[in-house]
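The values are calculated or read from the model by the stated rules, or taken from the named source; none is laboratory data. No experiment lies behind these values; they were computed from the predicted model shown. No Cβ is skipped: glycine too gets one built from the backbone with ideal geometry, and neighbour counts run over all protein chains shown. All accessible areas refer to the heavy atoms of the entire protein, side chains included, with ligands and DNA or RNA removed. Shrake-Rupley method; radii C 1.70, N 1.55, O 1.52, S 1.80 Å.
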Amino acid sequence: MAKPVVIFDSGVGGLSIYREIKQVLPCVPVVYCSDMVGFPYGPKPESEVIERTSCCLNALAVQFDPSLAVIACNTASTISLPRVRGELGFPVVGVVPAIKTASEYSKNRCIGLLATPGTIARSYTDQLIDDFAADCQVIRVGSSELVQMAEQYLRGESLCDARLRDILAPFLNAKPRPDAVVLGCTHFPLVREALERIAPDIHWIDSGSAIARRVISLLAGHDDQPAQTAGQDHFVHTGKDGLADSLALERMGFARISSLDLGSCL
């Protein structure tokens, strides 16, 4: 039986990464794990995020024996990768803000970063900007509220355009207005259509397609990937059964939904 690809996130934002991977690798089995008990990661101390990420990925490794894992969370990726790469016996792919892509796209040399407050303030983000967008004006907007809005939207709640405009105001009111904005949280591509409706002149950029290409590269040469029928992926989450019932996961391709046993590591 083929080893699955594990996608891990604090919530459901990583479903944007899942969607990108399934578009290019529809037959590869996927286990998506949402740490619903730990959500959201953004406001948490770095040490707690590292411990939760390590605990969950190690439990997933024991239960599912994956070929590789994707940490589909910018917050967890920027601080947890060294720890988990040293612990796990398979590749771990991280997600980082696509600053380089935005800089390459920008014509007016003004770009934006829309992420969690932790991500926009992290030294890792400063280094990305210094390395790839030193000649750009970079407008940073941190929003934990938009993470919650994206989660609620995926559960069927409507978005409030007025609140979205308030969150995006630093971009909309800037002179010059950024011509490219990086979606530095995997939750945000879930509401891309709303962002494009409010600011159609801005090019909204995320890391999803780049992550999918990286997964393809890492799986190249694996002969154990079978022809899997659609709709056989597995969604697991921390916490009690039933927490994911409002997500309509079957329509996304998940055949199984269950809770993850973390043992005593948290």
Positions within region 19-51 being open to solvent by less than 10 Å² (accessible area, probe 1.4 Å), under 25 Å from Gly242 (Cα atoms) and not in a loop (DSSP other than H, G, I, E, B), in sequence order = Val30, Val31, Tyr32, Cys33, Ser34, Val49
In this structure, is Ile129 open to solvent by 20 Å² or more (accessible area, probe 1.4 Å) and assigned to a helix (DSSP H, G or I)?
-> no
For Leu60: the one exception among (1) open to solvent by less than 10 Å² (accessible area, probe 1.4 Å); (2) of a type in the set (A, V, I, L, M); (3) assigned to a helix (DSSP H, G or I); (4) closer than 24 Å to Leu183 by Cβ = (4)
Under 7 Å between Cβ atoms, at least 6 apart or on separate chains: pull out the pairs that start in region 233-250 with a residue that is closer than 16 Å to Phe39 by Cβ and end on any residue that is open to solvent by 60 Å² or more (accessible area, probe 1.4 Å) and part of a loop (DSSP other than H, G, I, E, B).
-> His237/Leu243; Thr238/Val37; Gly239/Val37; Ser246/Arg155; Ser246/Gly156; Leu247/Arg155
Condition broken by Pro66, with the remaining ones in (1) closer than 21 Å to Tyr41 by Cα; (2) crowded, with 17+ Cβ neighbours inside 10 Å satisfied | (1)
Test for Val12: is it within 28 Å of Arg140 (Cβ to Cβ) and either under 18 Å from the mean Cα position of the chain (by Cα) or open to solvent by less than 10 Å² (accessible area, probe 1.4 Å) (or both) = yes
Select from region 210-245 the residues that are modelled with pLDDT under 90, open to solvent by less than 60 Å² (accessible area, probe 1.4 Å) and farther than 17 Å from Val24 by Cβ and list them in ascending order.
-> Gly231, Gly239, Gly242, Ala244
Out of Leu128, Leu114, report the one residue that is under 20 Å from the mean Cα position of the chain (by Cα), touching a residue at least 60 places away in the same chain (Cβ under 8 Å) and farther than 30 Å from Asp65 by Cα.
-> Leu114
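Under 16 Å from the mean Cα position of the chain (by Cα), modelled with pLDDT of 95 or more, within 30 Å of His203 (Cα to Cα) and buried (at least 23 other Cβ atoms within 10 Å of the Cβ): which single residue out of Ala102, Ala72, Ala76 fits that description? Steps first, answer last, please.
Numbers: Ala102 fails: under 16 Å from the mean Cα position of the chain (by Cα); Ala76 fails: modelled with pLDDT of 95 or more.
That would be Ala72, the only listed residue that is under 16 Å from the mean Cα position of the chain (by Cα), modelled with pLDDT of 95 or more, within 30 Å of His203 (Cα to Cα) and buried (at least 23 other Cβ atoms within 10 Å of the Cβ).
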Which condition breaks for Ile120 when tested against (1) outside any loop (DSSP other than H, G, I, E, B); (2) more than 17 Å from Gln137 (Cβ to Cβ); (3) β-branched (Val, Ile, Thr); (4) open to solvent by 10 Å² or more (accessible area, probe 1.4 Å)?
-> (2)
